[in-house]
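Q: One structure coming up, written as structure tokens, with questions to follow.
The values are calculated or read from the model by the stated rules, or taken from the named source; none is laboratory data. If you're wondering where the values come from, they're calculated on a predicted model, not measured in any experiment. Every residue, glycine among them, receives a Cβ derived from its backbone with ideal geometry; neighbour counts consider all protein chains shown.
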Amino acid sequence: MKRLSIALILSVGAASPAFAHLNPAEHGSFAAGFSHPLFGADHILAMVGVGLWAFLVGGRAVWMIPTAFVATMMLGFAAALLGIGLPFVEPVIAASVVVLGLLALVALQVPVPVGMAVVGFFALFHGYAHGGELGEATSLPFMVGFALATVLLHALGVGIGFAGNALSHRGRIAARIAGGLTALAGLWLVAGA
């Protein structure tokens, strides 16, 4: 009976309609912006990857690396709104998932400014993509929405690390494994594109 229940839940989940970005006319610009990163696997994985790696670098990096990502992402958003061209947006976003996952997998230790520069590079492209998909939304509430969602996804990545540490002395391994899975998912996304 338990297997039948699990199979039923999985089939209902598979039959559910696909989510799309929220229409700002119906839900408001803030809600459209907040939901935007949550409806793309590439954005979710990259944001969680930033949090995982920041946790593994440790110290001030736990908050400085995610902060650098969010700040630079807003610059990318502004560049898109100003019509400044940025090549290779989608390939760099796809690469960000793989690279950030690998950085967490190997728990690469770098000085905090280097970590901020690495994530800042990728953040520019993520923000630019958000700006390119603004549609009918009002820019400021949309930006605040996607910035908040990004912060929460970073916090999820950091939280995975802290939760692993709280559960076991081998907690860093959980963050590294999650990083490896992120990199694999990124490769899967790239192969499917």
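Q: Scan the stretch 158-170 and report the pairs whose first residue is closer than 15 Å to residue 61 by Cα and of a type in the set (A, V, I, L, M) and whose second residue is in a helix (DSSP H, G or I) and at pLDDT 75 or above, with Cβ atoms within less than 8 Å and a gap of 6+ or a chain change.
A: 158/51; 158/52; 158/54; 158/55; 158/62; 158/66
Q: Sticking with this structure for a sec: Report every pair of residues separated by at least 6 positions or lying on different chains whose Cβ atoms are under 9 Å apart, first residue within the stretch 85-102 and under 12 Å from residue 121 (Cβ atoms), second modelled with pLDDT under 95 and among the hydroxyl-bearing types (Ser, Thr, Tyr).
A: Partner pairs satisfying both residue conditions: 100/182.
Q: Pairs please, first residue from the stretch 72-83 and more than 11 Å from residue 147 (Cβ to Cβ), second anywhere and loosely packed, with under 15 Cβ neighbours inside 10 Å and among the β-branched types (Val, Ile, Thr), Cβ atoms under 9 Å, 6+ apart in sequence or on different chains.
A: Pairs found: 78/84.
Q: Within the stretch 113-128, does at least one residue satisfy the condition of being under 21 Å from residue 37 (Cα atoms), of a type in the set (A, V, I, L, M, F, W, C) and at pLDDT below 95?
A: no
Q: When the stretch 131-159 is examined, which residues are found to be within 12 Å of the chain's Cα centre (by Cα) and farther than 21 Å from residue 179 by Cα?
A: 146, 147, 148
Residue by residue, here is whether (1) closer than 30 Å to residue 173 by Cβ; (2) touching an Asp or Glu at 6+ places or on another chain (Cβ under 9 Å); (3) at pLDDT below 95 holds:
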{"residue": "68", "(1), (2), (3)": "yes, no, no"}
{"residue": "74", "(1), (2), (3)": "no, no, no"}
{"residue": "82", "(1), (2), (3)": "no, no, no"}
{"residue": "90", "(1), (2), (3)": "no, yes, yes"}
{"residue": "100", "(1), (2), (3)": "yes, no, no"}
{"residue": "155", "(1), (2), (3)": "yes, no, no"}
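Q: Could you check the stretch 51-69 and list, in sequence order, the residues that are among the β-branched types (Val, Ile, Thr) and surrounded by fewer than 21 Cβ atoms within 10 Å (Cβ to Cβ)?
A: Residues satisfying the conditions are 62, 67.
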